[in-house]
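Report on the structure given below.
The values are calculated or read from the model by the stated rules, or taken from the named source; none is laboratory data. Please read these numbers as outputs of a predicted model, since none were measured by experiment. We place every Cβ from the backbone using ideal geometry, glycine too, and count neighbours over all the protein chains shown. Accessible surface is based on the protein model in full, side chains and every heavy atom, while ligands, DNA and RNA are left aside. Shrake-Rupley method; radii C 1.70, N 1.55, O 1.52, S 1.80 Å.
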Amino acid sequence: MTNLIDGRAIAEQIHAETAHRITALKARGVQAGLAFVRVGEDPASRVYVGMKEKTSERLGIKSTTTVLPDATTQAELLALITQLNADPSCHGILVQAPLPAHIDQAVIFAAVSPAKDVDGFHPVNVGKLMLGDTTGFVPCTPAGVHELLIRSGVKIAGAEVVVLGRGNIVGKPMAAILCQKAKHADATVTLVHSRTRDVAAHCRRADIIVAAMGVAHFVKADMVRPGAVVMDVGVNRIPDPTAKNGSRLVGDVDFAAVQPIAGLITPNPGGVGPMTIAMLMRNTVRAAEVASR
Ligand code: GUN
């Protein structure tokens with residue numbers, strides 16, 4: 001029997017649920033709308049926004065994309081967000097990160113209306129997550145990891161979870177989700193990072209490892225307790241002379257070495273990645289449902 005968690009298949013299940021809700025909204029005369037904003041020509045951001053646009057279209061969400069030049073000022077970007085906040089046809093707003101260095105990302109995320117913050121990055125939504133208030137939006141990637149654990153039947157309550165990486169997009173919200181006093185949570189969470197003294201020792205006692213620190217192949221077989229569940233969030237480009245473009249994408253887990261000993265493991269690609277988009281679509285339909293109540 002395989003120990004792979006098929007993120008693509010689980011994302012498709014969620015897409016089917018979301019599409020159903022979008023159809024129900026349409027029957028009430030509501031067209032769910034999602035606005036993408038991209039600043040500059042970061043190649044990865046182009047690819048990510050392109051994938052999100054395609055999925056929106058497939059599920060029946062009307063998306064619009066605004067691409068602004070690299071030289072856009074913070075004030076100009078804020079003006080666009082103000083406009084989208086006031087636009088009733090737009091239920092969700094996603095400003096793709098990273099932004100150019102002269103723009104303060106935190107200021108931009110805080111300018112998006114919390115009701116349209118389908119990324120879950122606004123301080124109000126971050127606060128609600130910490131407080132266990134489920135009326136907020138949860139960031140898509142950690143929400144996707146959580147959903148994969150739930151739908152794979154992994155017991156989270158009482159589990160020792162080690163989250164590698166303390167970023168605002170994945171690590172910190174992931175820890176917050178899993179430590180809540182709530183159904184499908186109640187884990188004992190250790191958040192390890194670049195200043196942690198002995199990362200491997202923490203990993204070895206984990207029932208669940210979530211690798212989100214952005215270091216290619218960091219998690220090795222000797223860091224994983226046999227039978228542990230390993231979730232790989234990493235997206236790292238490494239040189240590969242055999243590849244057409246001379247490089248390939250790999251995760252934070254040394255998959256070939258870890259897969260034989262893991263209880264369950266996400267492939268990468270095809271694990272967590274598709275779930276990020278599934279959660280974005282689900283957040284968007286929820287934003288539209290709430291706005292049209
Ligand atoms: N950049 C990397 N991940 C994300 C994400 O989930 N949302 C946005 N807006 N930008 C990102």
Task: Most to least packed among 11-19, 238-246 [average Cβ atoms within 10 Å] - done: 11-19, 238-246
Open item on the list: For residue 62, give me every one of the lysines with a C-alpha distance below 18 angstrom, ignoring sequence neighbours fewer than eight places off in its own chain.
Closed with: 26, 52, 54, 116
Task: Nearest-10 value in Å² for the accessible area of residue 113, using the 1.4 Å probe - done: 30
Open item on the list: Please compute the Kirkwood hydrodynamic radius of region 1-150 from all pairs of different C-alpha atoms, in Å with one decimal.
Closed with: 16.7
Open item on the list: If you build the convex hull over the alpha carbons only and average its shadow over all orientations, what do you get for region 121-255? Give it in nm² to one decimal.
Closed with: 9.3
- [ ] Would you list, by chain and number, the lysines whose Cα falls below 24 Å from the Cα of residue 183, excluding same-chain residues fewer than 8 positions away?
- [x] 128, 155, 172
TODO: Using Cα centres only, tell me the gap between region 1-67 and region 94-133 in whole Å.
DONE: 19
Open item on the list: Which order do you get for 46, 205, 286, 293 if you rank them by accessible area with a 1.4 Å probe, largest at the top?
Closed with: 293, 46, 205, 286
Task: Solution diffusion estimate, µm²/s, Stokes-Einstein, the chain, Kirkwood Rh from C-alpha pairs, 37 °C, viscosity 0.692 mPa s - done: 166
TODO: Report, in order of residue number, the helices in the chain meeting two criteria: a C-alpha extent of 20 Å or more along the helix axis, and a mean Kyte-Doolittle hydropathy of at least 0.5; treat each whole DSSP H run as one helix.
DONE: 272-291
